[in-house]
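One structure, as structure tokens, below. Some questions next.
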Amino acid sequence: MPTRPEILYPLFGQLTQFSGIGPKIALNLAKLNIDSPRDLIFTLPHSLLIRKKIKTILEANEGDIIIIGVTVDEHIENQQKNKPYRINVSDVKTSFQLIFFHSRKNWLRDLFPIGDIVIISGRLEHFEGKVQITHPDYTCKPSDIDQIPLIEPVYSLSAGITQKTLSKSTKQALKGIPDLKEWINPSIINKFKWPKWKDALQEAHFPKGIDQISINSPIRQRLAYDEMLAHQLTLAIARQNYRKYRGTENLGTELLSSIVMKAIPFELTNAQKRVILEIRNDMSQPFRMNRLLQGDVGSGKTLIAFLCMVTAIEAGGQAVIMAPTEILTKQHEDTLRPLAEKAGITLESLTGRDKGKNRKAKIDALADGKIQIIVGTHAVFQENIKFNDLRLAIIDEQHRFGVRQRMDLGKKGDAVDILVMTATPIPRSLALTNYGDMELSELDEKPTGRKPINTVMVSNSRIEEVIERLSIAIKDGSQVYWVCPLVEESDYLDLTSAEDRARQLSSVLGQDNIGLVHGKMSGEEKDKVMSNFIRNKIKILVATTVIEVGVDVPNASIIVIEHSERFGLSQLHQLRGRVGRGIDTSTCLLVYASPLGKTAKKRLETIRETNDGFKIANVDLKLRGAGDILGVAQSGLPKFRMADIETQSDLMELAKDEARLILNNDPSLLTEKGKALRNLLFIMGADEYIKMLSVG
Ligand code: ADP
Ligand code: MG
């Protein structure tokens, strides 16, 4: 079992070894996620404090931080409590005041003897027409003037820690950095003119100028790249691990898929054709597939999934598709079963609802291979579910699916090919970061003939008008989704608001026209309402966000989203994606509570202006940041301390390519270079991935 090399020990010692850090400060540092010398050196300053040495304050502006020699003229003691203690001083040209709150008189008298020249440093302020410096940060004798630093790093702090503490302890931690062999490819180092790791850290903490603190400085770039390289290496190791298991060469005969193709009433889009080829090609390889399919709402992912499952059946095996909700499972079952039947394929569904005998029968049929395709919720991945010969596992409509979960999934069968389909596209930089272990397919085209969706913003003061318009629309045969507000962190309140709205709409538009669906209903109840909506028995479906992903009812052409300002961008895009699937022009009404804040307005306008999920994802990334979009906890995405995923996606791409190349040449990282990279992985805390290297 590989353990951390001794040379790295200084990076992982106790913080209390440093002078200035006692147990209490160590606790405060822990609040900043600083638990070791390594964490200290990886916590970089965000800006610089620059001091100007001047002779008279007449040369400086308000706000400047200056170093200046002054003669002490007079002490003005504070007469009342809460009033500051003042000291009149003069420089070579003019005079001003030093201000002290709650300071001890004797201490100030000793520090500033009348008639002496004292060097001080501090921020120049104007207050009630006078120039002053409050609490100088340095005070010394003229002979010690050079001890006041001209440039000082500024760190983000939490309570109980000062800049001085942090900078002093970081200085000590930097002394302990070992000399390590370079792990970055020399050609990359030369190309970008990056410094050595140790020098980069030194200079990052004690920069010589403001340009060195910029994210684009070679110093910062190098440190960011180290972080990305380590991250991509872990993903590449995970990838290597799936591929190590010999997969089955799942080669289709096209005998069944040609029957399916004939049964489909439309042509595949070019993007669908291309992606199906990519996936089938991957499935036919002798190693396990691990692929992500990114596609916008309504781009036709379900059919791709089905055609690939058919390939797995043709190759003699079984396939499974997992959907996030029961509603979606039912829908997949309903749309796919007729196609499967035509081709003579046995397709069944399995959810938490299947109980007792029924459940046992299905489980048995799966185990002996009688069921060829199973559609289900996460129930299909439970321990007791065994397949006869599972070849392809598809995870549909996933917002969040981390590397760890993917690795667990792979355990169902060593040879299982895996396809993950996203619910909403995520920006390329994020895809690289979160799914760097997978191959990527992009479905960047929607079926032709779709009418655009007309998106309108409506203040909730006009809700009566909206309801009136709906009453006309449903008389004309339209069907409507009415999505109720997201009430933060409360299923119960979500539900009440949906129930209230359904009741009110029933009284105005007639009870028979209105259906209600929410997460607290039993599966059977949901099915009943959904199938009534699909069969056009209900005109308006009032719903919580249970219909957010995947639901496909082409005849529905209007969606009303109440309190749309409370939803995330991708969520709104997903919800809107429920319409615009049929031949009618569709409408999306974004109802908002006015007044609308600036950001909220910008978000709704983004949705109104574009229906391109990839573009919306990019805006979402800017507005919310990566962690929120992927859900850091679920995805296992590390929190980068030095890298910025958003602006440095080029470096991330480079790191991904490098990481794959490195493992191709040195799969267990055993060469000299490989050992240097192991050091990097240990430093970044990727110990468990290093373990994976040595297996087998
Ligand atoms: P999503 O990518 O959001 O999962 P779906 O797979 O639900 O999209 O497809 C949306 C709708 O588009 C479905 O009704 C499906 O039958 C239809 N569809 C899929 N591919 C095509 C195509 N090539 N031409 C026309 N309609 C298509
Ligand atoms: Mg779908």
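The values are calculated or read from the model by the stated rules, or taken from the named source; none is laboratory data. If you're wondering where the values come from, they're calculated on a predicted model, not measured in any experiment. We place every Cβ from the backbone using ideal geometry, glycine too, and count neighbours over all the protein chains shown. Accessible surface areas use protein heavy atoms only, side chains included; no ligands, DNA or RNA. Shrake-Rupley method; radii C 1.70, N 1.55, O 1.52, S 1.80 Å.
Filtering region 104-149 down to residues that are assigned to a strand (DSSP E or B) and among the aromatic types (F, W, Y), which residue is least open to solvent (accessible area, probe 1.4 Å)?
Step one: list which residues in region 104-149 are assigned to a strand (DSSP E or B), which gives 117-127, 130-134, 138-140.
Within this subset, residues satisfying the condition of being among the aromatic types (F, W, Y) are 127, 138.
Values: F127: 106, Y138: 52 Å².
Among them, the one singled out is Y138.
Can you find a residue in region 238-247 that is within 28 Å of the chain's Cα centre (by Cα) and open to solvent by 60 Å² or more (accessible area, probe 1.4 Å)? Steps first, please.
First, the residues of region 238-247 that are within 28 Å of the chain's Cα centre (by Cα): 238-243.
Checking the rest, the ones that are also open to solvent by 60 Å² or more (accessible area, probe 1.4 Å) come to 243.
Scanning region 238-247, I find at least one residue that is within 28 Å of the chain's Cα centre (by Cα) and open to solvent by 60 Å² or more (accessible area, probe 1.4 Å), so the answer is yes.
Sticking with this one: Taking the condition of being at pLDDT 95 or above and hydrophobic (A, V, I, L, M, F, W, C), how many residues in region 205-227 meet it?
Residues meeting the conditions: 3.
Could you list all residues from region 264-299 that are in a helix (DSSP H, G or I) and either open to solvent by 60 Å² or more (accessible area, probe 1.4 Å) or more than 16 Å from ligand 2 (Cβ to nearest atom) (or both)?
Pass one, region 264-299, residues in a helix (DSSP H, G or I): 270-283.
Passing the criteria: N270, K273, R274, L277, E278, R280, N281, D282, M283.
Any chance region 381-390 includes a residue that's in contact (Cβ under 8 Å) with a residue 40 or more places away in the chain, surrounded by 24 or more Cβ atoms within 10 Å (Cβ to Cβ) and in a strand (DSSP E or B)?
Step one: list which residues in region 381-390 are in contact (Cβ under 8 Å) with a residue 40 or more places away in the chain, which gives 381, 387-390.
In the following step, the residues that additionally are surrounded by 24 or more Cβ atoms within 10 Å (Cβ to Cβ) were identified as none.
The answer is no, given that none of the residues of region 381-390 is in contact (Cβ under 8 Å) with a residue 40 or more places away in the chain, surrounded by 24 or more Cβ atoms within 10 Å (Cβ to Cβ) and in a strand (DSSP E or B).
Still on this structure, please answer the following. Here is a list of conditions, (1) open to solvent by 50 Å² or more (accessible area, probe 1.4 Å); (2) of a type in the set (F, W, Y); (3) out of contact with any Pro (no Cβ under 6 Å at 6 or more places or on another chain), and F101 meets all of them except one; can you say which number that is?
Unmet condition: (3).
For region 34-51, enumerate the residues that are outside any strand (DSSP E or B), of a type outside the set (G, A, S) and touching a residue at least 12 places away in the same chain (Cβ under 8 Å). Full working, then the answer.
Filtering region 34-51 down to residues outside any strand (DSSP E or B) leaves 34-46.
If we keep only those that are of a type outside the set (G, A, S) too, we end up with 34-35, 37-46.
Result: I34, D35, P37, R38, L40, I41, F42, T43, L44, P45, H46.
Right, next: Testing V546 on (1) away from ligand 2 (no atom under 16 Å from the Cβ); (2) part of a helix (DSSP H, G or I); (3) open to solvent by 20 Å² or more (accessible area, probe 1.4 Å); (4) not basic (K, R), one condition comes back false. Which one is that?
(1)
Another question about this same structure. Residue by residue through region 661-696, note down the ones that are part of a helix (DSSP H, G or I), touching a residue at least 24 places away in the same chain (Cβ under 8 Å) and open to solvent by 70 Å² or more (accessible area, probe 1.4 Å). Outline the logic, then answer.
The initial filter retains those residues of region 661-696 that are part of a helix (DSSP H, G or I), namely 661-665, 672-683, 687-694.
If we keep only those that are touching a residue at least 24 places away in the same chain (Cβ under 8 Å) as well, we get 662-663, 672-673, 675-683, 687, 689-694.
Scanning region 661-696 gives E672, K673, K675, K691.
Which of the following residues is away from ligand 2 (no atom under 16 Å from the Cβ), free of Cβ contacts under 8 Å to residues at least 24 places away in the same chain, buried (at least 19 other Cβ atoms within 10 Å of the Cβ) and on the phi < 0 side of the Ramachandran plot: V517, V529, V480? Don't jump to the end; show me each part of the working.
On the way: V517 fails: free of Cβ contacts under 8 Å to residues at least 24 places away in the same chain; V480 fails: free of Cβ contacts under 8 Å to residues at least 24 places away in the same chain.
One residue alone meets the criteria, V529.
With the structure loaded, tell me whether A312 is open to solvent by less than 10 Å² (accessible area, probe 1.4 Å), under 24 Å from L256 (Cβ atoms) and in contact with an Asp or Glu (Cβ under 7 Å, 6 or more places away or on another chain) or whether it fails that test. Walk me through it before giving the result.
Details: open to solvent by less than 10 Å² (accessible area, probe 1.4 Å): yes; under 24 Å from L256 (Cβ atoms): yes; in contact with an Asp or Glu (Cβ under 7 Å, 6 or more places away or on another chain): no.
No.
With the requirement that a residue be closer than 17 Å to F640 by Cβ and within 16 Å of ligand 2 (Cβ to nearest atom), what does region 421-445 give you?
Within region 421-445, just I426 meets the criteria.
If you take the residues in region 331-342 that are within 18 Å of G352 (Cβ to Cβ) and within 13 Å of ligand 2 (Cβ to nearest atom), which one is surrounded by the most Cβ atoms within 10 Å (Cβ to Cβ)? If you could, list the steps in order and put the result at the bottom.
Initially, region 331-342 is screened for residues within 18 Å of G352 (Cβ to Cβ), giving 331-333.
From the residues that got through so far, the ones that are within 13 Å of ligand 2 (Cβ to nearest atom) too are 331-332.
Details: Q331: 22, H332: 24.
Here the answer is H332.
While we're looking at this one, here's another question. Failed condition for K208, given (1) out of contact with any His (no Cβ under 7 Å at 6 or more places or on another chain); (2) surrounded by 23 or more Cβ atoms within 10 Å (Cβ to Cβ), with all others met?
(2)
Go through region 185-213 and report how many residues are in contact (Cβ under 8 Å) with a residue 60 or more places away in the chain and within 24 Å of A659 (Cβ to Cβ).
4
What number of residues within region 315-329 are open to solvent by 10 Å² or more (accessible area, probe 1.4 Å) and modelled with pLDDT of 90 or more?
So the count comes out to 3.
Now, a different point. For region 549-579, enumerate the residues that are more than 14 Å from ligand 2 (Cβ to nearest atom), part of a loop (DSSP other than H, G, I, E, B) and over 22 Å from L623 (Cβ atoms).
N555, V579, listed by residue number.
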